[in-house]
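> Have a look at this one.
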Amino acid sequence: MEAQRQAELEASRKRMQQTLEEETHQKQQAAEEERQKKAVEGRAIQNEREEQERQERERRKRWREAMTAEEERCHRRDEENWNLSLGQLWSYQKAINRVLFVLKEFETTQFSESKPLTPSGVPWPVLISPNRFYVGMLEDWTLADKFFERARRSLPFDA
């Protein structure tokens, strides 16, 4: 009877040992599956981040190209309309006409990333030639005041 009891105890210990090993194996397998799942998720997040960064670089590149094209278009506009490349003198009347022309263009343009607003596309009210003007000159209202003072004398009331 004692031998039978010892055999049952041994069988019970073996079943417990086997159950414990199975549980340990299942836990290890679950942990490995979780680690692999997190690794896959991490790669997916990294891939998504890299794709977003690639798209942002492309967007910035297209924007820079659009800015360059718009600056070149404005430069050609100024050259063609006000003979800037011919070395002709800049006059108050040319400055006023240019501001009015650029203002009409400015008011009708739908600006966007593919059609960006550039400094040359803004109707800055200044008497300075577009070849010499840069936005940093606008430290205060002095240049605008001079422009409007001259424009008041030159334009008819209904302009």
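> Those residues that are in contact (Cβ under 8 Å) with a residue 12 or more places away in the chain and part of a helix (DSSP H, G or I), I need them from the stretch 133-147; list them, please.
Once the filter is applied, which keeps residues that are in contact (Cβ under 8 Å) with a residue 12 or more places away in the chain and part of a helix (DSSP H, G or I), the stretch 133-147 yields 135, 143, 144, 146, 147.
> Going through the stretch 71-90 one residue at a time, which ones are at pLDDT 80 or above and more than 21 Å from residue 122 (Cβ to Cβ)?
83, 89
> Here is a check on your reading of the model: is residue 150 of a type in the set (Lys, Arg), modelled with pLDDT under 95 and either within 27 Å of residue 64 (Cα to Cα) or not in a loop (DSSP other than H, G, I, E, B) (or both)?
yes
> Further, regarding this structure: Only one residue in 90, 82 is closer than 24 Å to residue 146 by Cα and either acidic (Asp, Glu) or touching a Leu at 6+ places or on another chain (Cβ under 9 Å) (or both). Which one?
90
> Just to be sure, is residue 130 touching a Cys at 6+ places or on another chain (Cβ under 9 Å) and not in a helix (DSSP H, G or I)?
So residue 130 passes the test.
> Determine the pairs where a residue that is within 21 Å of residue 143 (Cβ to Cβ) and modelled with pLDDT under 95, located within the stretch 104-132, has a partner that is of a type in the set (D, E, K, R) and outside any helix (DSSP H, G or I) with Cβ atoms under 7 Å apart, the partner being 6 or more residues away or on another chain.
none
> Okay, moving on. With among the hydrophobic types (A, V, I, L, M, F, W, C), within 30 Å of residue 113 (Cβ to Cβ) and in a helix (DSSP H, G or I) as the only criterion, which of 44, 30, 3, 39 stands out?
When all the criteria are applied, what remains is 44.
> Moving on. State all residues of the stretch 88-99 that are surrounded by fewer than 14 Cβ atoms within 10 Å (Cβ to Cβ) and part of a helix (DSSP H, G or I); if no residue qualifies, say none.
93
The values are calculated or read from the model by the stated rules, or taken from the named source; none is laboratory data. This one's a predicted model, so the numbers in the text were calculated from it and none came from an experiment. Using ideal geometry, Cβ is built from the backbone for each residue, glycine included, and neighbour counts are taken over all protein chains shown.
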